[in-house]
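To start, the structure under review is shown below, and the notes come after it.
The values are calculated or read from the model by the stated rules, or taken from the named source; none is laboratory data. Everything quoted here is computed from the prediction, not taken from an experiment. All Cβ positions, glycine included, derive from the backbone under ideal geometry; neighbour counts span all protein chains shown. Calculation scope for accessible area: heavy atoms of the full protein, side chains included, ligands and nucleic acids excluded. Shrake-Rupley method; radii C 1.70, N 1.55, O 1.52, S 1.80 Å.
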Amino acid sequence: MQASSNIADGLLVQPWSSVTLGDVSFIAKACFQDTCYGLLISDMDLVWYEEVDSDILKQRSQKLNKRLKAAVPAFFNHLTEIICPLLRGERTGATSSFTCERQLNQLVIHVKSELFGVPFYWDFCCSEARISMVSLHLVGPFLKMTLALQQQTQEFITLLERKDAEIQDYKENGAVLSRERLATGVFNKHAFMEEFLAKMLPESSVGKEGKVFTSELQELYTAVVKQEVDHKRKLHVLEYCCCFYSFGYQEQCSF
């Protein structure tokens, strides 16, 4: 259905964020629209997904909030106000709390909040995500990010080696460093990699306060995914144009 397509497109370009719900750490991404939302969440062992449209939200909100009467858009707006700041790394309001519960192949996130001064309850009922979704949102982008970071590292190494050669040329032509504390040794790629694997890698395996995604990694993830989306869109347009030409149409196709 159309809502699913819109949610899929919107969710894909959202970056992952590190969040803590209750006392459990997750990475998560979400896409909220006027009458539907999609939530993808992982504890780095399993990945869960939920997509909710206006009919499901109406039924569930009535079941969990028998005293609260409000239009469906008000519920969507409230859930957006609860989740989106959380994904941005901001603190949720004092009236909002989260607890998590695993039920068979589901992850249920219980939310307690207030809407119009009345207690508001919501359950995100996430089922295990399909392998294709995990590949689309995690495995594929992460592999491309790894290749991009590897290329960036190689460029940094090349730049350092050129700087060392430049400094050596200055020295051979009589240049003297005015402040000895700024002196550095010649960069050794192999020694650096050995130290990184032995010391820096274990320290960086978990970021500050358990956060997996820094803002820089979020930007890289978004760039990688958008590039892939643009590439697929161009291929789709090209296939569409070829189909038209095959039927004798001479329409001009633009990318």
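Of note:
- Any hit, segment 70-79, residues being open to solvent by 50 Å² or more (accessible area, probe 1.4 Å) and in contact (Cβ under 8 Å) with a residue 24 or more places away in the chain: yes
Every residue, every condition in (1) surrounded by 11 or more Cβ atoms within 10 Å (Cβ to Cβ); (2) out of contact with any Leu (no Cβ under 6 Å at 6 or more places or on another chain), yes or no:
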residue: Arg91; (1), (2): no, yes
residue: Ser96; (1), (2): yes, yes
residue: Cys100; (1), (2): yes, no
residue: Pro141; (1), (2): yes, yes
residue: Ile157; (1), (2): yes, yes
residue: Gln168; (1), (2): yes, yes
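Rundown of residues vs (1) open to solvent by less than 80 Å² (accessible area, probe 1.4 Å); (2) modelled with pLDDT under 65; (3) at positive phi, yes/no style:
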site	(1), (2), (3)
Leu197	no, no, no
Ser205	no, yes, no
Leu217	yes, no, no
Leu220	yes, no, no
Val224	yes, no, no
Gly248	yes, yes, yes
Ser254	no, yes, no
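- Taken over segment 1-45, the criterion of being loosely packed, with under 14 Cβ neighbours inside 10 Å, part of a loop (DSSP other than H, G, I, E, B) and more than 15 Å from the chain's Cα centre (by Cα) is satisfied by Met1, Gly22, Asp23, Asp34, Asp45.
- Test: residue in segment 166-189 that is modelled with pLDDT of 95 or more, over 30 Å from Gln62 (Cβ atoms) and part of a helix (DSSP H, G or I): no
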